[in-house]
Amino acid sequence: DWVAERLWRLAGVKSDEAERAEHIKTFCRQFVERAFAAPLSEEEDVFFVDQHFQNDLPIKDQVKRVVLLTLKSPRFLYPEIAKRDRDYDAARRISLVLWDSLPDRQLYEVAAAGGLTKPETLDGQLLRMMSNPRAKAKLFSFFHYWLKTDQAAEATKDNRLYPDFDERLLTDLQQSLDQYLDEVVWSETSDFRELFLADYLFVNQRLANFYDLAPDSKASEVEDETVASAGFLKLPVDPAQRAGILTHPYLMAGLAYHNDSSPIHRGVFVARNLLGRRLRQPPDDVKPLTEEFNPEMTTRQRVEHQTKEVACMNCHSVINPLGFSLENFDAVGRF
């Protein structure tokens, strides 16, 4: 429908033009070729384009058939199964990896000219595409998936214990994490090890106050509350307390309960997402022991008590030590 409504503009032709049918067919061929990231053979041209114009349907309906057949084709939905020459295959792979999308006009034209088999041309295209906002968005989506930030985004905490932990603070934490990732990945000195070793956080005044971090003098000098809340500064932290992505308060808050830390959630995250360990799913009927079970017990002692059975320790011998190593962080990620 979207294509049909804009057909004349997309095809670059007027609706009353004598040669409009050929212009429309040319547009449809380009549409299919771009979707498949490869030129069409004569047989494919007939199947995907020509046959749809051999009837008495309105021209917009003919175009709709081309679009539907193309977008439902396995060649589009499963690009790995299509056979292309090296240049077109490289263009498709690059665009999927960097943009989650199709090759743009420039990349497609370079592939058509056989340029992507030349290392210097390939490097130039990679650099060009990496500077596009879509590449940054793709990489952010990877990090958010890997770090399971959806758990943190939905975190709610006990208002009695943490009255200042609200939606505004949660939004600030997410922005803090994104600025941290931006610094680590896109700076001139990018080094993946900094993901785990960085001794700084990006905080605004509200985060600095909540997490008891001494703000930079520049932040202290800002009198306007709105500016102070929105302005983030790169702030050094005590390396004995925090190091890198794992101890970021946004992650720690997401990997916790509403009123307590969770060594199991944190241990599972480290085991699976950082160390690549396979773990069994826990039984559905197992609920964590709360403070009411024994007020004298610490969180660590309750977890040890609940997971001491041999069947549990098959996984918890890995999970528990990793989770306990992060027990200095409370339910909102404060040290």
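The values are calculated or read from the model by the stated rules, or taken from the named source; none is laboratory data. Quantities reported herein were computed from a predicted structural model and do not represent experimental measurements. Methodologically, a virtual Cβ is constructed for each residue, glycine included, from the backbone with ideal geometry; neighbour enumeration extends over all protein chains shown. Please note that ligands, DNA and RNA were not included when accessible areas were found on the heavy atoms of the full protein model with its side chains. Shrake-Rupley method; radii C 1.70, N 1.55, O 1.52, S 1.80 Å.
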Top-ranked residue in the range 273-292 [being modelled with pLDDT under 80 and of a type in the set (A, V, I, L, M, F, W, C); ranked as most open to solvent (accessible area, probe 1.4 Å)]: Val286
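So which helices (runs of 4 or more DSSP H) stay within the range 1-118 end to end and still have 3 or more residues that are farther than 30 Å from Ala135 by Cα and of a type in the set (Asp, Glu)? Give the derivation first.
On the way: elements: 2-5, 7-11, 20-36, 42-48, 59-71, 74-77, 86-99, 105-112.
Counting at least 3 such residues, we get 42-48.
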Take Thr121 and tell me if it is part of a loop (DSSP other than H, G, I, E, B) and among the β-branched types (Val, Ile, Thr). no
State all residues of the range 148-172 that are open to solvent by 60 Å² or more (accessible area, probe 1.4 Å) and of a type in the set (A, V, I, L, M, F, W, C); if no residue qualifies, say none. Leu161
Pair list, Cβ under 9 Å, 6 or more apart: the range 312-333 residue touching a residue at least 24 places away in the same chain (Cβ under 8 Å), other residue among the hydroxyl-bearing types (Ser, Thr, Tyr) and open to solvent by 40 Å² or more (accessible area, probe 1.4 Å): Glu327/Thr298; Ala331/Tyr257
How about the range 293-335: which of its residues are among the aromatic types (Phe, Trp, Tyr) and either open to solvent by 70 Å² or more (accessible area, probe 1.4 Å) or in a loop (DSSP other than H, G, I, E, B) (or both)? Phe293, Phe329, Phe335
Of all residues making up the range 251-269, the number that are surrounded by fewer than 23 Cβ atoms within 10 Å (Cβ to Cβ), assigned to a helix (DSSP H, G or I) and touching a Phe, Trp or Tyr at 6+ places or on another chain (Cβ under 9 Å): 1
Among the numbered criteria (1) of a type in the set (Asp, Glu); (2) touching a strand residue (DSSP E or B) at 6+ places or on another chain (Cβ under 9 Å); (3) at pLDDT below 50, which one does Asp224 miss? (2)
Is it true that some residue in the range 2-12 is farther than 27 Å from Ala91 by Cα and more than 37 Å from the chain's Cα centre (by Cα)? no
Taking the residues in the range 13-69 that are within 23 Å of Arg93 (Cβ to Cβ) and aromatic (Phe, Trp, Tyr) as candidates, determine which candidate is most open to solvent (accessible area, probe 1.4 Å). Phe31
